[in-house]
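Read the structure below first, then the notes.
Derivation of every value follows stated rules applied to the coordinates shown; laboratory data play no part. All values derive from a computational prediction rather than experimental measurement. So basically every Cβ, Gly included, is an ideal-geometry build from the backbone, and we count neighbours across all protein chains shown.
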């Protein structure tokens with residue numbers, strides 16, 4: 001099934017259940033939101049996107065704790081968790097917040113945090129979880145792989 005068709009199905013399912021999504025993107029630079037809003041009807045389920053590429057944007061727009069960025073780095077479980085949770089809380093209505101932070105490359109990686117590392121946080125009223133991935137891909141493919149993971153999560157979301 002094509003990616004657009006999968007997104008269309010998610011929009012239909014979320015619309016029928018009156019569920020809303022908000023996204024906080026860093027390394028994906030708005031790509032996830034772009035792909036969702038390419039589909040007619042997205043406005044029934046998609047509340048907002050905040051592209052917080054820089055650390056100060058994460059602090060100012062998403063209220064990420066600057067001490068966590070200092071202690072763990074912007075690319076970390078802690079920051080992805082706060083991005084997902086905070087975008088959900090500040091977006092009304094919103095049932096699922098998604099936070100994405102990573103290193104798209106080809107530069108910027110370290111042995112501890114290599115190029116291709118990404119944390120994706122999912123926040124609901126019940127819980128916030130973070131999944132860690134390492135994608136060996138160019139920047140464009142990296143974003144597509146992130147989208148695929150998010151689609152899989154949303155497809156399997158239990159109401």
> Of all residues in region 15-24, which are over 16 Å from residue 102 (Cβ atoms) and either assigned to a helix (DSSP H, G or I) or touching a helix residue (DSSP H, G or I) at 6+ places or on another chain (Cβ under 6 Å) (or both)?
Replying inline: 15, 16, 22
> Applying the selection to region 25-47, what residues are surrounded by fewer than 20 Cβ atoms within 10 Å (Cβ to Cβ), part of a loop (DSSP other than H, G, I, E, B) and touching a strand residue (DSSP E or B) at 6+ places or on another chain (Cβ under 7 Å)?
Replying inline: 29, 30
>> When the residues of region 147-157 are narrowed to those that are touching a helix residue (DSSP H, G or I) at 6+ places or on another chain (Cβ under 9 Å) and closer than 13 Å to residue 102 by Cβ, which ends up surrounded by the fewest Cβ atoms within 10 Å (Cβ to Cβ)?
In response: 147
